[in-house]
Amino acid sequence: MRKPPFESLDQMAETTSAGLVKAAAGSAFQLFRDKQFRLLADFEQLSQTEQDRIFNELVVASVVLIMLVLEAPDLRVAGEFRGYMADLKERIPKAHVDLLRGLGVEAKHRRDWEKLIAMRYEEYARDRHDVRAAAMQLESSNKALDLDDLSKIQMLVPVQAVAIGCHHHICRGKTEGRDELFKLTLRSLSRFYAEIRIPFEGGRITPFTRARVAVKRLLRRMRTGKRNEP
């Protein structure tokens with residue numbers, strides 16, 4: 001018989017967390033190198049230090065998004081799998097720091113990353129409540145909410161909270177008139193969100209098909225000046 005790929009759940013969690021943070025860095029780098037993103041973020045006017053800060057915000061946004069996915073109450077996994085997901089979520093910050101160590105990043109900078117991840121996680125996790133309330137208010141202004149509406153809102157809360165917060169930090173709080181940059185950031189994070197969440201749910205894509213429609217509807221509303229940010 002073939003030897004199983006992992007000898008324990010601990011080994012599987014370690015390998016999985018390492019793969020997830022590498023995926024987060026890759027997704028962030030893809031957006032960072034996007035020509036439209038760089039144009040909308042006015043990279044030509046920014047110092048190298050400021051560009052590096054923006055890249056760090058993109059990376060930490062993807063890392064925190066993974067953590068929010070793993071603890072999402074509506075994540076469709078078996079009950080006995082919840083403990084493993086909680087353990088995996090706790091490993092994510094260390095996995096990112098380990099990745100930095102492997103790249104030769106100095107210890108003092110790795111400590112800064114530990115603090116940044118903890119700070120952004122606390123911020124974005126807290127903001128989920130305001131994002132959910134704003135989404136429900138927006139949806140209920142057009143019709144009475146049913147269970148499907150509530151399900152879509154709940155599913156989109158993590159990525160919307162992270163996208164709004166990330167956009168705020170990229171712009172140093174000066175977000176007025178920069179909706180196109182927000183939309184591009186939201187699209188990128190939404191793609192990454194789907195790539196992370198769908199495999200955990202066994203490849204079921206129907207809920208995400210509905211969620212993508214909701215994202216597109218949000219972006220259309222922004223074009224008509226109806227963005228409802230917490």
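The values are calculated or read from the model by the stated rules, or taken from the named source; none is laboratory data. The model shown is predicted, which means the values in this text are computed figures rather than measured ones. Note: ideal-geometry Cβ built from the backbone for every residue, glycine included; neighbour counts use all protein chains shown. For accessibility, only protein heavy atoms count, side chains too; no ligands or nucleic acids. Shrake-Rupley method; radii C 1.70, N 1.55, O 1.52, S 1.80 Å.
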Check your understanding: Out of the stretch 72-88, which residues are open to solvent by 50 Å² or more (accessible area, probe 1.4 Å), of a type in the set (D, E, K, R) and in contact with a helix residue (DSSP H, G or I) (Cβ under 9 Å, 6 or more places away or on another chain)?
Key -> 76, 87
Revision key, fill the gap. Checked against (1) modelled with pLDDT under 95; (2) closer than 23 Å to residue 168 by Cβ, residue 86 satisfies every condition except (2)
Review point. When both residues are 6+ apart or on different chains and their Cβ atoms are under 6 Å apart, which pairs have a first residue that lies in the stretch 11-32 and is more than 18 Å from residue 54 (Cα to Cα) and among the basic types (Lys, Arg), and a second that is open to solvent by less than 20 Å² (accessible area, probe 1.4 Å) and in a helix (DSSP H, G or I)?
Key: none
Review point. Does residue 91 qualify as being touching a Ser or Thr at 6+ places or on another chain (Cβ under 6 Å) and open to solvent by 50 Å² or more (accessible area, probe 1.4 Å)?
Key: yes
Review point. Out of the stretch 17-46, which residues are open to solvent by 60 Å² or more (accessible area, probe 1.4 Å) and farther than 23 Å from residue 119 by Cβ?
Key: 30, 33, 35, 36, 39, 42, 44, 45
